[in-house]
There are 6 protein chains.
Amino acid sequence: MVETTVDDLEPELWPDVLRAVRAAGAWDCWTTATIGRHGRPGQVLTALCTEQIRPAVVDAVFRHSTTLGVRWTRWQRATLPRTAVQIPVGPPGNEHQITVKVAVGPGGHQTAKPELADAERIAQALGWPVRQVCEAARAAYARECQTAL
Amino acid sequence: MVETTVDDLEPELWPDVLRAVRAAGAWDCWTTATIGRHGRPGQVLTALCTEQIRPAVVDAVFRHSTTLGVRWTRWQRATLPRTAVQIPVGPPGNEHQITVKVAVGPGGHQTAKPELADAERIAQALGWPVRQVCEAARAAYARECQTAL
Amino acid sequence: MVETTVDDLEPELWPDVLRAVRAAGAWDCWTTATIGRHGRPGQVLTALCTEQIRPAVVDAVFRHSTTLGVRWTRWQRATLPRTAVQIPVGPPGNEHQITVKVAVGPGGHQTAKPELADAERIAQALGWPVRQVCEAARAAYARECQTAL
Amino acid sequence: MVETTVDDLEPELWPDVLRAVRAAGAWDCWTTATIGRHGRPGQVLTALCTEQIRPAVVDAVFRHSTTLGVRWTRWQRATLPRTAVQIPVGPPGNEHQITVKVAVGPGGHQTAKPELADAERIAQALGWPVRQVCEAARAAYARECQTAL
Amino acid sequence: MVETTVDDLEPELWPDVLRAVRAAGAWDCWTTATIGRHGRPGQVLTALCTEQIRPAVVDAVFRHSTTLGVRWTRWQRATLPRTAVQIPVGPPGNEHQITVKVAVGPGGHQTAKPELADAERIAQALGWPVRQVCEAARAAYARECQTAL
Amino acid sequence: MVETTVDDLEPELWPDVLRAVRAAGAWDCWTTATIGRHGRPGQVLTALCTEQIRPAVVDAVFRHSTTLGVRWTRWQRATLPRTAVQIPVGPPGNEHQITVKVAVGPGGHQTAKPELADAERIAQALGWPVRQVCEAARAAYARECQTAL
């Protein structure tokens, strides 16, 4: 986990920092709003990455933000195995395939989640809200794939 | 809309304020974290209620929080018509009825949402996570009620 | 209520904006963290003031922040009457007077609150945490002034 | 410390996750609002627990949230010794015993804090705001137990 | 100002809601994290638009989010007049024109701000961080256009 | 990194805690708003310091806040080398020297940042917004020191 705390970056530049950290190879990254000394609002940037990728992430943080210091520490990590299925969504005759990620958690309970990037692409193609695409994908998955809950 | 800004209430007392405001008749209420003068973190409490209920809400805010001033203004409001259906969830032989609220939005798209209080009660009865109850309710609703998306 | 939404001010400059808005005559002001379009973190600045003071507050916001637009609307307001008493705090022989604001709410319940600026000054004089000064003031008030709870 | 970052859980399900993590044996847990890639608001869930309890906490997080990955690392910890005293609160003839936790910090300064669960129960019994119960408990403690500040 | 409070939308869908509200004609829109009843984290969506555009914004909110109720009220608004100048940024031989918005506030102080969309486009073309493009634009503006500060 | 999670400190006392932690020798410290069990809003306090300073920081946290437990862990850290230059700002005949910190990041890109404490002092002397002092310092630095971007 790589972190930095910044109170002197114009907020509108944070999306560029997150894009750069992701492009450097981090699995995930995000910012959290904070209140610093003298009441200065700030952001903590957090990125998750492997030890190999870490220098590239640190470099991206220095290049894209105004920070003068970056810190990191090691965490252990457990993940659920996941598979993916293709499910059609859309009105008859205009169906698009969406990827649904399926993970099986402890206790055997399934989590099915439409891939958001797919949903955004299909939403644009159909002129639907993204939410409607996701709901349709979940409903289709429920009808076709889930045998019992 | 009734609001007050408070920076001297011990944070753990906010749930009591929200309960009291709701009990006074507000439709909904919530708090938002802020940064005030001298860097003091605070909370803005917001409550939505009718003009008739407003004095009771103001009274509850004064009684349950430390504020010395409450403000309000009028907003107009549009709501979607909604209906409710009963859907069974749970393993065969141990099914519980959950209320699913269904609203039809502009463009004809349906929003189906399990009632959270029901889901929490059923989760406790079944020993399931609340999330699993909600997913099962949505999947059952998708199988039984939705004809086309 | 005067508001503006800003995503291009370096966060460390917000304390200056709040000081300026207060100096312009606002009763109170604060910022709230937001997420804008394209995922840009921002702040909404809110200030409460009379209609007479409003132009000065708007002017201060334009001068001290980067905003290009400020908005305002009218709210009504109810306040509790309050009085103030002087209470001594500190070790014997080194006592300082602190102002305790006392308000009587609906239902007759009293709220007693040490004046924070006093507490900060006394804390510095005694080498105490501000929290300890406030607790001592509340305890002294409880012993001397409250007849029954 | 166990953490996960989640941007695809319906927010209203977080209270169930916190209850489950606590029930699994964590000392404490909370969520923090974040802004992720593409401007997606999310929550980081953090839980504190012993190494022995950690697998149960991780399991609860997987079962009750939608996360596909959980991480953890070790922290050291210092706590203040604390004792508890019983203090009566309420009007004469209708008094209830409330637990006040007392800790002595570095420098000898006492922190006295009414137990919130007690305060909520007594507030309901007396028809008082929770805040009033806590203030009465602190005032009673100040009168009866604190000899000098 | 159009608002709605939502605690049952998967957070990752908020960017789609903001895009849709903007596409419906709102000047600006953003979300603010809140804590609702029973400790449910939520978001308030706020949009600024003219009275003419308001029905389209309300419609977009209903279509793209899960809300069942939307509210609005009127605010007045003051804006600073602004002009735009074109400034070259980039290394010699590879310069790109960036729009710098210039507003003159009360007291005559200028605010010069590079257009972020331009900066993002140029950053991609040059392989620079967006921050570097903005700084170069400000520095170039300072050298070429500001006569005295 | 030293942290504690607190939900029973009156929010207006946080600035005193941050001052005390900084006075104890921490490089930096800040708070982050959280939502705890039962929907209680809280704050996580985070402080960065060396291993030598850590006991003093922990002691300050215990003395100035209400917490009963503090935790810490070790992070590694990289910083950019920085230098400082003095730049004059202000109208002719009333110029003040401001320190501009200059750091050179990976890739050779410079970050120039006026020292905020200087800017606040000069702003007060000139009757300028702090923002204007910072902009003037950056513009002067761009004119005088930057040879090419």
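Overview of results
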{"quantity": "Whichever residue in region A:19-32 is more than 11 Å from chain E (Cβ to nearest Cβ) and out of contact with any Ser or Thr (no Cβ under 7 Å at 6 or more places or on another chain) and, among such residues, is farthest from E:GLU120 (Cα to Cα)", "calculated": "A:TRP27"}
{"quantity": "Odd one out for B:CYS145, checked against (1) within 14 Å of chain A (Cβ to nearest Cβ); (2) without any contact (Cβ under 8 Å) to a residue 60 or more places away in the chain; (3) among the hydrophobic types (A, V, I, L, M, F, W, C); (4) surrounded by fewer than 15 Cβ atoms within 10 Å (Cβ to Cβ)", "calculated": "(2)"}
{"quantity": "Residue count, region A:58-81 (criterion: under 30 Å from D:PRO55 (Cα atoms) and of a type in the set (Val, Ile, Thr))", "calculated": "2"}
{"quantity": "Index of the failed condition, C:ILE87 passing every other in (1) more than 29 Å from E:VAL130 (Cβ to Cβ); (2) β-branched (Val, Ile, Thr); (3) more than 14 Å from chain D (Cβ to nearest Cβ)", "calculated": "(3)"}
{"quantity": "Qualifying residue in region D:96-103 (condition: at negative phi, out of contact with any His (no Cβ under 8 Å at 6 or more places or on another chain), among the polar types (S, T, N, Q) and within 14 Å of chain C (Cβ to nearest Cβ))", "calculated": "no"}
{"quantity": "Pairs with Cβ under 9 Å, 6+ apart, first in region A:96-109 and among the small types (Gly, Ala, Ser), second surrounded by fewer than 17 Cβ atoms within 10 Å (Cβ to Cβ)", "calculated": "A:ALA103/A:THR79; A:ALA103/A:LEU80; A:ALA103/A:PRO81; A:ALA103/A:ARG82; A:ALA103/A:THR83; A:ALA103/A:GLN110; A:GLY105/A:LEU80"}
{"quantity": "Candidates A:ILE53, A:ILE35 - the one that is over 25 Å from E:LYS113 (Cβ atoms), more than 7 Å from every other protein chain (Cβ to nearest Cβ) and not basic (Lys, Arg)", "calculated": "A:ILE53"}
{"quantity": "Residue check for F:GLY69: of a type outside the set (Val, Ile, Thr), in contact (Cβ under 8 Å) with a residue 24 or more places away in the chain and touching a Ser or Thr at 6+ places or on another chain (Cβ under 6 Å)", "calculated": "yes"}
{"quantity": "Checklist (1) at negative phi; (2) more than 7 Å from every other protein chain (Cβ to nearest Cβ); (3) modelled with pLDDT under 95 applied to F:GLY93, failing item", "calculated": "(1)"}
{"quantity": "Hey, A:ARG63 of a type in the set (D, E, K, R), surrounded by fewer than 24 Cβ atoms within 10 Å (Cβ to Cβ) and within 14 Å of chain B (Cβ to nearest Cβ) or not", "calculated": "no"}
{"quantity": "Residues (under 24 Å from A:GLN132 (Cα atoms), among the small types (Gly, Ala, Ser) and out of contact with any Ser or Thr (no Cβ under 6 Å at 6 or more places or on another chain)) located in region B:90-105", "calculated": "B:GLY105"}
{"quantity": "Looking only at region B:104-120, and only at residues there that are within 16 Å of the chain's Cα centre (by Cα) and away from chain A (no Cβ under 11 Å), the one that is surrounded by the most Cβ atoms within 10 Å (Cβ to Cβ)", "calculated": "B:ALA119"}
{"quantity": "In region C:4-53, residue surrounded by the fewest Cβ atoms within 10 Å (Cβ to Cβ) [restricted to those that are in a helix (DSSP H, G or I) and among the hydrophobic types (A, V, I, L, M, F, W, C)]", "calculated": "C:ALA23"}
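The values are calculated or read from the model by the stated rules, or taken from the named source; none is laboratory data. Here the structure is a predicted model, which is why all the values come from computation and not from measurement. For neighbour counting, all protein chains shown are included, and Cβ atoms are generated from backbone atoms with ideal geometry for every residue, glycine included.
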